[in-house]
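Take a look at the structure set out below.
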Amino acid sequence: MDFQAETTPDDVVTVLATEALTDNERWQVYQPGEWRLWRGGECIAQGLSA
């Protein structure tokens, strides 16, 4: 998907994947047991499961 063609500078785009899809962008890796709650493309809460 060409995000530049599909979005505006004011849009928030979040991509969740099981592995990095590109090598020219920064990807954040989840640690085992880590969770994040997303709403509207923004992370609103995060934590670690017991």
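The values are calculated or read from the model by the stated rules, or taken from the named source; none is laboratory data. Just so it is clear, the structure is predicted and the values come from calculations on it, not from any experiment. Cβ sites come from the backbone with ideal geometry, for glycine too, and all protein chains shown count toward neighbours.
Is it the case that TRP27 is on the phi < 0 side of the Ramachandran plot and without any contact (Cβ under 8 Å) to a residue 12 or more places away in the chain? Spelling it out, TRP27 is indeed on the phi < 0 side of the Ramachandran plot and without any contact (Cβ under 8 Å) to a residue 12 or more places away in the chain. When residues in region 32-50 are screened for being of a type outside the set (A, V, I, L, M, F, W, C) and either more than 14 Å from the chain's Cα centre (by Cα) or at positive phi (or both), 6 of them pass.
Just to be sure before I move on: is GLY47 surrounded by 10 or more Cβ atoms within 10 Å (Cβ to Cβ) and either at pLDDT 90 or above or among the basic types (Lys, Arg) (or both) in the structure I sent? Yes: the conditions hold for GLY47. The requirement of being part of a strand (DSSP E or B) and not charged (D, E, K, R) is not satisfied by LEU16.
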